[in-house]
Amino acid sequence: MTEQIVIVGAGQAAVQAIDTLRRQHFAGTLTLIGAEASPPYPRPPLSKEYLAGTLSAERLMLRPQTFYEQRAVTTLLGRRVEEISRREQRVRLDDGRSLPYDALLLATGSRARPLPVPGADLPTVFSLRTIEDADRIRTACDGGGRLVIVGGGYIGLEVAATLSERGMAVTVLELAERILSRVACPPVSAFYAAEHARRGVRIICGARVREIVPHPDQRRVRAVITEAGEVYPADVVVIGAGAQPVIELAAAAGLACGDGIEVDEYCRTSDPAIYAAGDCTHHLSLHYGRKLRLESVDNAFEQGASAALNLMGRAVPHDKVPWFWSDQYDLKLVIVGIGTDHDDIVLRGDPTRRSFSACHLRGGELIAIESINAPKDQLAARKLIAARARPDPLRLADPEVTLPAAC
């Protein structure tokens, strides 16, 4: 019988698991352990509203302190779990404490991928993963100047949009031949490249960074140099080279790990007493028939809820169509589904009007959609993709025909 649940990691997946457990009348003890001293908060605003200074730290928090108090959750923040003893079913903390568990939920998330080049450790070179990171970047950019961002994915482009509007002269260096290459199709990449250029952001693709050169005072950067020998002057550098799952604790405990902590459709790891949820998991998608690792608030929310139900013995499979979003300037990109295996893309609407969708088809089935300022399309797509809808391509391409009517 499960009476003591310990949750390691204090982000969206952990908070949703707590909320679900108590809503489903779990009456046992709940302990939340988080490495950061801050209460749980969402990551996406860090590159947008929080970095811009329009969202306070207090408003950023996922839940007020009373949420945890009212649900009788013991919160151990600013503490790290050093070891999981699976045989004894205990976790050992960095302060020497040892806590027992009947069931353990790992929600350890992901970390910013480091850039292994000389100069990456200079004082004005940053990654963006925590509140403290965002605070340091904002402070470094308060006086304006030249900003070089390494990486043209979500984080890199969101930071570019936010800080260019705060007066920084921004250059984005992207290793691939187009920005957003991992998440978006070529028409969407081209649209965002043009939008950033229109706002004064310089984007250089096919650029591999060789080194970051310090200023003679060694307290700041002077330039970023690529493998091609091109020199990009910089006062501040932000590295947005992707994220990697935090799996060291799980791997050291002998749990199966690959591109994340391996879990089945019930969020179970290779140890039946240990579950995992969120960015750290490599999980089975029943809808797509393959394993995925998703860096997504929506997935963390849904998988945290699924893990909670399974921790209570409900045997509920996690089978949700994922979605993602990115806010850049006045543009909202929403991606529903996974479109990497498409064999056709149908555009709805006119990119020059700054509202359109790219529909991904595979064998005639709608498997994903990328929408820019097209809320009706992305909302309809969530149900249609889950239902494996097969739209008529000609009607799908007509923006005057609603997405459901095209199927």
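The values are calculated or read from the model by the stated rules, or taken from the named source; none is laboratory data. None of the values given here were measured: they were computed from a predicted structure. Don't worry about glycine lacking a Cβ; one is built from the backbone with ideal geometry, like all the others, and counts go over all protein chains shown.
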In region 264-275, residue farthest from residue 294 (Cα to Cα) [restricted to those that are free of Cβ contacts under 8 Å to residues at least 40 places away in the same chain and surrounded by 14 or more Cβ atoms within 10 Å (Cβ to Cβ)]: 270
Residue list for region 147-176, filter: assigned to a strand (DSSP E or B) and either over 28 Å from residue 58 (Cβ atoms) or touching a Gly at 6+ places or on another chain (Cβ under 8 Å) (or both): 148, 149, 150, 168, 169, 170, 171, 172, 173, 174
Candidate set: region 310-324, residues that are under 18 Å from the mean Cα position of the chain (by Cα) and not hydrophobic (A, V, I, L, M, F, W, C); chosen: the one nearest to residue 355 (Cα to Cα): 322
Near pairs, Cβ below 6 angstrom, 6+ apart or cross-chain, from region 169-196 (more than 23 Å from residue 145 (Cα to Cα)) to any residue that is of a type in the set (D, E, K, R): 175/208; 184/370; 188/370; 189/178
Residue within region 346-353 that is of a type in the set (S, T, N, Q) and at pLDDT 95 or above present: no
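Conditions tested, residue by residue: (1) under 24 Å from the mean Cα position of the chain (by Cα); (2) polar (S, T, N, Q); (3) surrounded by fewer than 16 Cβ atoms within 10 Å (Cβ to Cβ).
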| position | (1), (2), (3) |
| --- | --- |
| 59 | yes, no, yes |
| 69 | no, no, yes |
| 88 | no, no, yes |
| 100 | no, no, yes |
| 108 | yes, yes, no |
| 150 | yes, no, no |
| 156 | yes, no, no |
Condition broken by residue 162, with the remaining ones in (1) in contact with a strand residue (DSSP E or B) (Cβ under 8 Å, 6 or more places away or on another chain); (2) within 24 Å of residue 296 (Cβ to Cβ); (3) crowded, with 18+ Cβ neighbours inside 10 Å; (4) touching a residue at least 60 places away in the same chain (Cβ under 8 Å) satisfied: (1)
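Conditions tested, residue by residue: (1) within 16 Å of residue 110 (Cα to Cα); (2) modelled with pLDDT of 95 or more; (3) not assigned by TED's automatic domain parsing to the domain that holds residue 47.
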site: 268; (1), (2), (3): no, yes, no
site: 281; (1), (2), (3): yes, yes, no
site: 286; (1), (2), (3): no, no, no
site: 290; (1), (2), (3): no, no, no
site: 320; (1), (2), (3): no, no, yes
site: 335; (1), (2), (3): no, yes, yes
site: 340; (1), (2), (3): no, no, yes
Pick from region 325-377, criterion among the basic types (Lys, Arg) and either outside any strand (DSSP E or B) or surrounded by fewer than 20 Cβ atoms within 10 Å (Cβ to Cβ) (or both), ranking: farthest from the chain's Cα centre (by Cα): 353
Total residues in region 165-184, condition farther than 13 Å from residue 201 by Cβ and surrounded by fewer than 21 Cβ atoms within 10 Å (Cβ to Cβ): 7
Test: residue in region 243-254 that is without any contact (Cβ under 8 Å) to a residue 40 or more places away in the chain and closer than 26 Å to residue 282 by Cβ: yes
Check on residue 261, touching a Cys at 6+ places or on another chain (Cβ under 7 Å), modelled with pLDDT of 95 or more and surrounded by 14 or more Cβ atoms within 10 Å (Cβ to Cβ): yes
Selection within region 95-116 - within 29 Å of residue 240 (Cβ to Cβ) and without any contact (Cβ under 8 Å) to a residue 60 or more places away in the chain: 116
Residue that is modelled with the highest pLDDT, among those in region 177-212 that are part of a loop (DSSP other than H, G, I, E, B), within 20 Å of residue 114 (Cα to Cα) and of a type in the set (D, E, K, R): 208
Which numbered condition residue 92 misses (of (1) touching a residue at least 60 places away in the same chain (Cβ under 8 Å); (2) surrounded by 15 or more Cβ atoms within 10 Å (Cβ to Cβ)): (1)
Matching helices (runs of 4 or more DSSP H) fully within region 1-72 where at least 2 residues are in contact with a Gly (Cβ under 6 Å, 6 or more places away or on another chain) and at pLDDT 95 or above: 12-23
